[in-house]
Amino acid sequence: MPAAEQRTQVPVIVLAVAVAGVALVTYPLGADGVIAAFFAAVLVVIAAIDIRTLKIPNRIVLPAAAIVLAADTIFMPGRAIEFLLAALLAGAALLVVNLISSSWMGMGDVKLGMLLGAALGWGVVGALEIAFIATFPFAVAVLVRGGLEARKAALPFGPFMAFGALVVLIVPRLAGLGG
């Protein structure tokens, strides 16, 4: 592995551990906290990869979605249907956008949407709302900086989805609102 790539991995690992730690301490000790910490760490890694490569790797997002969905089903069986439906509906909603134009939304984003649904249940709606809203100022900045040619520039959506998911996952608990 090239030295430059190793140097960029260290901050990503540190950030993933830090965000996972925040998620862990905002949840009660037990399965909920471990699932939240795992999900948070995976989101940081996926966001970093998407920023660097404009791709969300199946080898990370698909196993993570399966692990989170299985863990949720085992440890929160009363919400199993919610997690499954949220994963399927979030993926389907993003798939519609992808089918309209794959330049608008990649299949990695569709699969990441499924992971968000599997982890957040109906909270995925808020996470996606936050993601789309957070994307807007960055898109405007790209247009201002790059002019009309920037309309064709690819903007990775995974980091915005990760941000929205982390807000939904952590902020209500930090504010004492449960979650």
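Quick notes on this structure:
- Close pairs from region 78-90: first more than 13 Å from Leu120 (Cβ to Cβ), partner of a type in the set (S, T, N, Q), Cβ under 9 Å, at least 6 apart: Ala80/Thr73
- Just one residue in the set Leu89, Leu116, Leu128 is part of a helix (DSSP H, G or I), within 18 Å of the chain's Cα centre (by Cα) and closer than 22 Å to Val34 by Cβ; that residue is Leu116.
- Among the residues of region 11-66, those that are touching a Ser or Thr at 6+ places or on another chain (Cβ under 9 Å) and small (Gly, Ala, Ser) comprise Gly33, Ala36, Ala48.
- Every residue from region 92-113 that is part of a loop (DSSP other than H, G, I, E, B) and not hydroxyl-bearing (Ser, Thr, Tyr): Trp104, Met105, Gly106
- Residues of region 112-123 that turn out to be in contact (Cβ under 8 Å) with a residue 40 or more places away in the chain and crowded, with 24+ Cβ neighbours inside 10 Å, as a count: 8
- Test: residue in region 131-140 that is surrounded by fewer than 21 Cβ atoms within 10 Å (Cβ to Cβ), touching a helix residue (DSSP H, G or I) at 6+ places or on another chain (Cβ under 7 Å) and more than 15 Å from Gly91 (Cα to Cα): yes
- Condition met for Ala23 (free of Cβ contacts under 8 Å to residues at least 60 places away in the same chain and under 20 Å from Leu112 (Cβ atoms)): no
- The residues of region 136-174 that are modelled with pLDDT under 85 and not in a helix (DSSP H, G or I), listed by number, are Ala153, Ala154.
- The sole residue among Asp32, Asp50 that is part of a helix (DSSP H, G or I) and surrounded by 20 or more Cβ atoms within 10 Å (Cβ to Cβ) is Asp50.
- Pair list, Cβ < 9 Å and 6+ apart or interchain, from region 44-55 residues that are on the phi > 0 side of the Ramachandran plot to residues that are buried (at least 20 other Cβ atoms within 10 Å of the Cβ) and outside any helix (DSSP H, G or I): Leu54/Gly106; Leu54/Pro156
- Residues in region 102-111 that are touching a residue at least 40 places away in the same chain (Cβ under 8 Å) and surrounded by 21 or more Cβ atoms within 10 Å (Cβ to Cβ) were compared, and the one that is nearest to Ala71 (Cα to Cα) is Lys111.
- Of the criteria (1) within 28 Å of Val10 (Cα to Cα); (2) assigned to a helix (DSSP H, G or I); (3) at pLDDT 95 or above, which one Ile81 fails: (1)
- Some residue of region 56-67 being in a loop (DSSP other than H, G, I, E, B), of a type in the set (A, V, I, L, M, F, W, C) and modelled with pLDDT of 95 or more: yes
The values are calculated or read from the model by the stated rules, or taken from the named source; none is laboratory data. Everything numeric in this text was worked out from a predicted model, so none of it was measured. Note that we place each Cβ from the backbone using ideal geometry, even for glycine, and neighbour counts take in every protein chain shown.
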